[in-house]
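Working notes for the structure below.
The values are calculated or read from the model by the stated rules, or taken from the named source; none is laboratory data. Here the structure is a predicted model, which is why all the values come from computation and not from measurement. Glycine gets a Cβ as well: all are built from the backbone with ideal geometry, and neighbour counts include every protein chain shown. In case anyone asks, the SASA skips ligands and DNA or RNA and just uses the protein heavy atoms, side chains included. Shrake-Rupley method; radii C 1.70, N 1.55, O 1.52, S 1.80 Å.
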Amino acid sequence: FVTNPNDPSYPINPSYGDPYAYEKFAQYSENSGEFWKKMATDYYTFIASLQDQNTSRLVSDWVVVTTGGTVSSAERLIGPGSDGYGFEAYKIPQTLARAKIRGKDPRADPLLNRFAEFYNTQLALSIKNKVIYSVYGLNGSPLVNYEDVATNVSVISVFKSLNILPKSTLERDKLVGQYSDKKYYWGADKANVRNQLDMLRFYDLFYDRLL
């Protein structure tokens, strides 16, 4: 939506894009194939440009983009916390992993490698517990002291898509081991639909390479 007719600014959630879907639209579209192909290309370019803005290579949950292409903070429009790498932005690596695995798109690789580099750094900082927190500032500092099934899905998806899982038990401890055979859900709260959906997406994407 346009927030100011005199200075149009568009709040954008970068995780809403899906280059794999765009390529599929292009494949089956009779008249708009080139449009959807450009959408996919532009998405990769957009995410790369956001990663380039900080040394952590993280992306915020929301950004504001003007019609002139300037990117700025979304906090004044979306609210506090929207500038962090949180539950929204954590979906981006999952989307890129699907583009790489299902779409066999090499354009996802450099973006995934940037996320993997950050994750590996965080794992090295917490050698004992191997924790990657659920929300970070764009400077790479954690903003919360907990992890979550949904965000760990993103972490493991990056490593599995690149075939560089750094610790053989990481997937088992953080994801597979979070499933309750007695309660039939992942995590500590069955009402957390996000965890359940993210785990189902994970199993769907990596069904042929699970531990």
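The table for this structure:
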{"quantity": "Lys pairs under 23 Å by Cα in the stretch 1-145, provided they are eight or more residues apart or on distinct chains", "calculated": "14"}
{"quantity": "³J(HN,Hα) computed for each position of the stretch 63-80 - Karplus, 6.51 cos²θ - 1.76 cosθ + 1.60, integer Hz, glycine/proline x", "calculated": "9, 10, 10, 7, 5, x, x, 6, 9, 8, 4, 9, 4, 5, 9, 9, x, x"}
{"quantity": "Sequence of 98, 76 from largest to smallest accessible area, 1.4 Å probe", "calculated": "76, 98"}
{"quantity": "By average C-beta atoms within 10 angstrom, highest first, the peptides 145-154, 109-118", "calculated": "145-154, 109-118"}
{"quantity": "Simple label model, 7 Å out from Cα along Cβ direction - residue 113 to residue 27, nm", "calculated": "2.6 nm"}
{"quantity": "Gyration tensor (alpha-carbon) shape descriptor, the stretch 53-159, a/c threshold 1.5", "calculated": "oblate"}
